[in-house]
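Read through the structure below, which is laid out as structure tokens, and then see the notes.
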Amino acid sequence: MRETTQVSAVIARSTKDLLDRYVEESGMKKTRVIEDALSYHLRALDEIPAEFMIPPRVVLTQESAERVLRELESTAEPTPALRALLGVDDQ
């Protein structure tokens with residue numbers, strides 16, 4: 001049997017709700033899901049170069065957030081570069 005220890009963390013309510021839903025649907029124990037997720041994440045941090053890691057959260061200034069919101073609300077057509085990236089035909 002592996003040696004174990006207990007950890008404590010404060011997490012977002014939405015994360016807890018996702019965890020609860022997952023364990024209910026999968027039948028797995030919370031301890032196992034948390035240990036597996038943490039283990040996978042820490043191994044990925046060791047094995048994947050930092051420049052390829054995508055942060056789970058993006059922090060924006062007020063000005064940047066307003067610009068993102070304007071872009072999301074924009075009805076502008078996608079650029080040719082974006083259409084090519086997404087593999088959309090120009091028919």
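In table form, for the structure just shown:
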item: When residues of the stretch 42-89 are limited to those that are at pLDDT 90 or above and of a type in the set (Val, Ile, Thr), the one farthest from the chain's Cα centre (by Cα); result: THR61
item: The stretch 68-79 residues that are part of a helix (DSSP H, G or I), paired with ones that are surrounded by 10 or more Cβ atoms within 10 Å (Cβ to Cβ) (beta carbon under 7 Å, 6 or more apart); result: VAL68/LEU60
item: Scan of the stretch 28-79 for residues that are over 30 Å from THR5 (Cβ atoms) and of a type in the set (Phe, Trp, Tyr), ordered by number; result: PHE52
item: Qualifying residue in the stretch 57-67 (condition: in a helix (DSSP H, G or I) and surrounded by fewer than 10 Cβ atoms within 10 Å (Cβ to Cβ)); result: yes
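The values are calculated or read from the model by the stated rules, or taken from the named source; none is laboratory data. Computed from a prediction, not measured in an experiment: that's the story for all the values here. Note that each Cβ is placed from the backbone with ideal geometry, even for glycine, and that neighbours are counted across all protein chains shown.
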